[in-house]
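The values are calculated or read from the model by the stated rules, or taken from the named source; none is laboratory data. Every value quoted in this text rests on a predicted model; they were computed, and no experiment measured them. Methodologically, a virtual Cβ is constructed for each residue, glycine included, from the backbone with ideal geometry; neighbour enumeration extends over all protein chains shown. Heads up: the accessible areas ignore ligands, DNA and RNA and are worked out on the full protein's heavy atoms, side chains in. Shrake-Rupley method; radii C 1.70, N 1.55, O 1.52, S 1.80 Å.
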Amino acid sequence: MPVARLDDPHLKEAARNPKRTENIIAICLVVGILGLAGFGAAYWVNAAPWVIAGTIGVGLFFLGFGLTAWGKYLMPQGPFVEERHPLASTESERDAISAALVERTGVVVKRRKMLGGLFAGGAGIFGIVALFPLLRSLGPVPGNTLNVTNWKAGSLLVDSNGRPVHRDDLQPGGILTVFPAGYENSEEGQAIDQTVLIRYQDVSYTTQPGRESWGPAGYLAFSKLCTHLGCPVGLYEQQLELLVCPCHQSMFNVADGCVPEFGPAPRPLPQLALYIDSAGYLRAQGPYDQPVGPGFWERS
Amino acid sequence: MSSPEATTRTRRNADSGRPRTKREAKQALGPYGRVGKAINELDDRLGVARGGRVFLDKIFPDHWSFMLGEIALYSFVVLLATGVFLSFYFVPSTAQVIYHGVYKPLDGQKVSAAYASTVNISFSVRAGLLMRQMHHWAADIFVGSIVVHMARVFFTGAFRKPRETNWLIGSTLLILAILNGFIGYSLPDDLISGTGLRIGYSIILSIPFVGSYLASFLFGGNFPGNIIIPRFFILHVLILPAIIVLLLGAHLGLLVRQKHTQFPGKGRSEHNVVGSPMFPTFMAKTTGFLFMVAGGIALLGGFAQINPIWQFGPYQPDKISYAVQPDWYMGWLDGALRIMPSWEFTGFGHTWPLEVFIPAILFPGVVFGIAQMWPMIERKITNDDEMHNLLDRPRFRPKRTAFGAAFFAMLFVLFGASSTDVLANFFQISLNEVLWFFRIAVFVIPVIVGVFTWRICIEMQGVPTVGKRKRAVTISMTQDGGYVSETSDPRPGDGHVELDPTPVPVKIDIDLETVGAGGRGGRGGGGRGGGDDTTEEIGDGVREVAR
């Protein structure tokens, strides 16, 4: 029986005009060759990226297109058939392996129960103790690190260039990212201690009861770490007095102590109590009264 | 075409005496020349002839949807190739350096070595920008094609017995691909990926009991530390790719062992495979397709900008940019995080950050869990213990199809929810309205989609001509006032005529000009049957000779 006949009505158009198809495929392959040669030249002279990309892309694509078309239109398609031989073995072959497994292990385990138990115990212990060095040497236990920042009583507020912040630096409505002096260049300082300083108004302002002395001259300082996932709360919507986290759109109301008004953030941004020293520079009254940033199991 | 003498000669008597002429040397090699000699040498040592012949005849059923897995495979090849190139230039270190390179806007800035080297790859390494962008595009296409391939396997029931293991391997590959994509995305240490990394850190932190320990171990202390980039690098370039390659090998190995599934059709049954043979047809098509995928990715990499990290700037933990969005395959998780209510609970001296844990750990766990366990879940429901080699048409499995559609609808809604801010801005409506829309839509839309899909499947089952091209019906009035309706003749190509499948002939004639014309034999014909077979003899007659 022939693979195919040219007068077969089911034969595809392409297969009935093999010469024409062959010519088209040849053209594709030539375009592919030209493209790849062009890529070589473009790379050699360090042409613009899009020239390099265009040549290698066109070259590879047309070379592949030609080959695929050759396979699709000019090679035997069949349909050919292949029998599926059952994957399963015969019943007796199955029994043979099961019997060998069960009987041999049965003999071994029954006769030498203690040896088997000892080996299994040893392997089990190894499995457990192997985890200890793996986990323990990867990093330190968190300890108290998530609860504390570098803000201490008397910490001087500085900007990212290390310049202390004077009481006249910000106008009402002004905003600045500050760090405790000495930590403005450290990764830790930038990642954990970052605090957003907002001058809310001209006179001292109380965000919440019990924070009467925290905002001297209208300066309010909040942790810049979103309580949702720790993104910097980098946007200040001045008219609405909202701090906005660009990651998941949590919004914090500055006037009442950065209580979340919208979005997935669960807690207010912790406020840092400030005072103004005798030279007129802003300092922290003490550390944050709670851990900053997102929630975690040990946070109480 | 060789002479008749050559064909009667066997390998053994060709060994006697040294060949004197070129012609004799050629004859001494036997009827199949160097190829035959190489096969003999290999077979002496490895015994590859019998299995190799069966492998060449391996049948690949044809259907466009079987190409989706190939896209995944070949984009992975592109990933490996471009990744090797990038690894020669990338410096996986967070050590701070002052950038002095060709990109002037960054000149003199303090950046990490990882970031500086990524900018250098983009601007100073020849074809480096192309390789970077191809790598990123290939990763996006890799994950995308896995998802679509998986959907194909799901909706056609190709995961059923005996292929449950391969579904499990495949869905594990998807998880690994997403994970490695996120890790690779984090490596350049730019402002956006660094923010993503911080989100990742905080998500780990949210796990009850062990979160802070896991995060501290992984990052070598508090965020950001200076160890995460080197650690991610080795995960990204060695450990995860090695696991992916191993699982991919197992995936393809099982595919060969269990053979392809196929759609029902003429001559197709549970006990055979109908299609075109491995060699040369499928090999030509798939090799060409590898080149096409690579070429397509190269064009994307050259003409569609992706991840321009020099515009984002280096990561500084206290800086952030607008429109922080991850790669597309993380979008559904980002959307889930956005629409989750702020349910954080404190009790017994501990904090339960459920507003993070539920959408970012529990929810993807459930999604991937259902995905991985689906073959077992469906078996539990249907009690179907039969072997299935023929595929389902999705309309004939309305419940499964409806469930799958609803599942994808939910993921699509969540993907949309990852752009709440962009949508609110675009439609000039309040963020709150957009948020509540998605909170409701994530539950309602999957139900609507599921019910509709189920209904459409049922309707389609009742239409006998579904999937076939409609024929024109001519209604004409007869002279006595009656009406006659007449269906027009099928146009060429209308009727989807299927041929009877035949066994792969020993000799596949690929020179179509000779087909039916008689006379000349095909390629390699000279050595076998005397050199002047007509094509009519191809097939069973020749098979007998070969045996």
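Okay, here's what the table says:
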| item | result |
| --- | --- |
| Approximate shape of segment A:13-74 as ellipsoid semi-axes (Cα gyration tensor, √5λ), whole Å, largest first | 29, 9, 6 |
| Charge dipole (debye, nearest 20) of chain A; +1 at Cβ of Lys and Arg, -1 at Cβ of Asp and Glu | 1280 debye |
| HN-Hα J in Hz across segment A:211-221 - Karplus 6.51, -1.76, 1.60, θ = phi - 60°, x for Gly and Pro | 10, 4, 9, 7, x, x, 6, x, 7, 10, 10 |
| Between 0 and 90°, nearest 10: helix B:431-461 axis offset from chain B longest Cα axis | 20 degrees |
| Helix-only CD estimate at 222 nm, as mean residue ellipticity for the protein assembly as shown, using -39500 (n - 2.57) per DSSP H run (n ≥ 4) | -15000 deg cm²/dmol |
| Amide H partners (placed H, <5 Å) of B:THR346, local residues excluded | B:TRP352 |
| Rel. contact order, % - alpha carbon contacts under 8 angstrom, at least six apart, segment B:281-363 | 16 percent |
| Qualifying lysines (Cα of each under 24 Å from Cα of B:LYS380; at least 8 residues distant if same chain) | B:LYS161, B:LYS399 |
| Nearest-10 value in Å² for the accessible area of B:LEU238, using the 1.4 Å probe | 100 Å² |
| log₁₀ of I(q)/I(0) at q = 0.10, 0.11, 0.14 Å⁻¹ - segment B:33-189, Debye sum with one point per alpha carbon | -0.61, -0.69, -0.86 |
| Residue-wise HN-Hα coupling along segment A:33-48, computed from phi with Karplus coefficients 6.51, -1.76, 1.60 (Hz; x: Gly, Pro) | 4, 4, x, 5, 5, x, 4, x, 5, 5, 5, 4, 8, 6, 6, 4 |
| Carbon plus sulfur fraction of accessible area for chain B, probe 1.4 Å, in percent | 64 percent |
| Buried on assembly, segment A:247-271 (at least 40 Å² less accessible surface than by itself, 1.4 Å probe) | A:CYS247, A:HIS248, A:GLN249, A:PHE262, A:PRO264, A:PRO266 |
| Whole-Hz ³J(HN,Hα) from phi, Karplus 6.51 cos²θ - 1.76 cosθ + 1.60, for segment A:20-29, glycine and proline x | 5, 4, 4, 5, 4, 4, 4, 4, 4, 5 |
| Segment B:178-330: relative contact order as a whole-number percent, Cα under 8 Å and 6+ apart | 41 percent |
| Shape of segment A:157-284, Cα gyration tensor, a/c cut at 1.5 | oblate |
| Compactness relative to 2.2 N^0.38 Å, alpha carbon Rg of segment A:79-130 | 2.03 |
| Cβ-based charge dipole, chain B, positive-most Cα from B:GLY275, B:GLY301, B:THR401 | B:GLY275 |
| Per-residue average of Cβ from other chains inside 10 Å of A:227-237 | 6 |
| Sites A:LYS19 and A:ARG104 - FRET efficiency at Förster radius 51 Å, r taken between beta-carbons, to 0.05 | 0.15 |
| In segment B:313-397, the GluC sites (Glu not before Pro) that fall in loop regions by DSSP, at most 10 other Cβ within 10 Å | B:GLU386 |
| For A:VAL259, residues with placed amide H under 5 Å, excluding near neighbours | A:ASN253 |
| Sequence of A:ASP289, B:ASP318, B:ASP44 when ordered by accessible area, the most exposed leading, probe 1.4 angstrom | B:ASP44, A:ASP289, B:ASP318 |
| Surface share of carbon and sulfur [accessible, 1.4 angstrom probe, percent] for segment A:13-74 | 76 percent |
| Global geometry of segment B:56-110, whether rounded, prolate or oblate, following the gyration tensor of its Cα atoms and the 1.5 cut on a/c | prolate |
| List A:HIS85, B:HIS63, B:HIS135, ordered by accessible area with a 1.4 Å probe, largest first | A:HIS85, B:HIS63, B:HIS135 |
| Highest-fluctuation residue, A:CYS245, A:CYS258, A:CYS28 considered, GNM on chain A with Cα pairs under 10 Å | A:CYS28 |
| Rg/Rh for segment B:182-277, where both radii come from Cα atoms and Rh is the Kirkwood radius | 1.29 |
| Rel. contact order, % - alpha carbon contacts under 8 angstrom, at least six apart, chain B | 17 percent |
| At 0.890 mPa s and 25 °C, Stokes D of segment A:160-220 from Kirkwood alpha-carbon radius, µm² per second | 198 µm²/s |
| Heavy atoms of A:TYR236: accessible area, 1.4 Å probe, square angstrom to 10 | 50 Å² |
| Residues along segment B:218-251 losing 50 Å² or more of accessible surface when the other protein chains are present rather than the chain by itself (probe 1.4 Å) | B:ASN222 |
| Reciprocal of mean inverse Cα separation for segment B:131-243 (Kirkwood radius, Å) | 15.9 Å |
| Rounded to whole Å, sorted largest first: equivalent-ellipsoid semi-axes of chain B, Cα gyration tensor | 52, 37, 23 |
| A:GLU22, A:GLU241, ranked by accessible area, largest first (probe 1.4 Å) | A:GLU22, A:GLU241 |
| Kirkwood Rh, Cα atoms: Rg over Rh of segment A:1-157 | 1.37 |
| Tilt relative to chain B, helix B:164-186 - C-alpha long axis, 0 to 90 degrees, to 10 | 50 degrees |
| Amide H contacts under 5 Å for B:VAL97, placed H, 5+ residues apart | B:VAL111, B:SER112, B:ALA113 |
| Relative counts (whole %) of C-alpha pair distances in the protein assembly as shown, using bins that are 20 Å wide | 12, 34, 32, 17, 5, 0 |
| Kirkwood-based Rg to Rh ratio, chain A, C-alpha trace | 1.33 |
| Degrees, to the nearest 10: A:91-111 long Cα axis against longest axis of chain A | 50 degrees |
| Pairwise burial A:B, computed as accessible area of each alone minus the pair, summed, 1.4 Å, Å² | 8500 Å² |
| Accessible surface, per residue, of segment A:141-201 when the full set of protein chains is kept, probe 1.4 Å, Å² | 43 Å² |
| Chain A: most fluctuating residue of A:ARG199, A:ARG163, A:ARG16 per GNM, C-alpha cutoff 10 Å | A:ARG16 |
| Accessible surface of A:VAL107 - all protein chains present, 1.4 Å probe, nearest 10 Å² | 70 Å² |
| Unit charges on C-beta of K, R, D, E only; dipole of segment A:91-136, Debye | 380 debye |
